[in-house]
Amino acid sequence: QVQLAESGGGLVQAGGSLRLSCVASGSMFSRYAMDWYRQAPGKEREFVARITVGGRPYYAPSVKGRFTISRDDAKNTLYLQMDSLRPEDTAVYLCDAEYNNMNYWGQGTQVTVVS
């Protein structure tokens, strides 16, 4: 079973930046498609970004052009660089590893954007 640990969240002013990290356990990280999701209070979990095994990124329209997903397979780490943050980006951000039709989730890291 994969264990995921997110970090890097915090409080930031609108227009600012944060970089989230997600570290995976084990030795199979390079085989996982990886996603970032977010969940705001009272709202459903929302897809943010995905990076394939080959490194191809996909983004939700709401973050495209502002967020950048990347991965370092040598470090078992997934990243989310978030720029031009908005108050509506406030949420718990979770990473997800997908492999063989199984999904593994981290506990999340809180991002709060104030105006």
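Return a yes/no flag: does the range 48-56 have any residue that is assigned to a strand (DSSP E or B) and in contact (Cβ under 8 Å) with a residue 40 or more places away in the chain.
Here is the first cut: in the range 48-56, the residues assigned to a strand (DSSP E or B) are 48-51.
Now narrow it down to the ones that are in contact (Cβ under 8 Å) with a residue 40 or more places away in the chain: 48.
Yes.
Which condition number does SER84 fail, the rest of (1) under 21 Å from SER115 (Cα atoms); (2) without any contact (Cβ under 8 Å) to a residue 40 or more places away in the chain; (3) open to solvent by 60 Å² or more (accessible area, probe 1.4 Å) being met?
(2)
I'm told GLY15 meets every condition in (1) surrounded by 13 or more Cβ atoms within 10 Å (Cβ to Cβ); (2) assigned to a loop (DSSP other than H, G, I, E, B) except one. Can you identify the failing condition by its number?
Condition (1) is where GLY15 drops out.
Output the number of residues of the range 32-72 satisfying the condition of being open to solvent by less than 30 Å² (accessible area, probe 1.4 Å) and either touching a helix residue (DSSP H, G or I) at 6+ places or on another chain (Cβ under 6 Å) or of a type in the set (Lys, Arg) (or both). Please lay out each step first, then the result.
Keep residues of the range 32-72 that are open to solvent by less than 30 Å² (accessible area, probe 1.4 Å), which gives 32-36, 38, 40, 48-49, 51, 60, 63, 66-67, 69.
Of the ones still in play, those that are also either touching a helix residue (DSSP H, G or I) at 6+ places or on another chain (Cβ under 6 Å) or of a type in the set (Lys, Arg) (or both) are 38, 66.
So the count comes out to 2.
The values are calculated or read from the model by the stated rules, or taken from the named source; none is laboratory data. Source: prediction; values computed, not measured. Note that each Cβ is placed from the backbone with ideal geometry, even for glycine, and that neighbours are counted across all protein chains shown. Quick note on the areas: whole protein, heavy atoms, side chains included, nothing else; ligands and nucleic acids left out. Shrake-Rupley method; radii C 1.70, N 1.55, O 1.52, S 1.80 Å.
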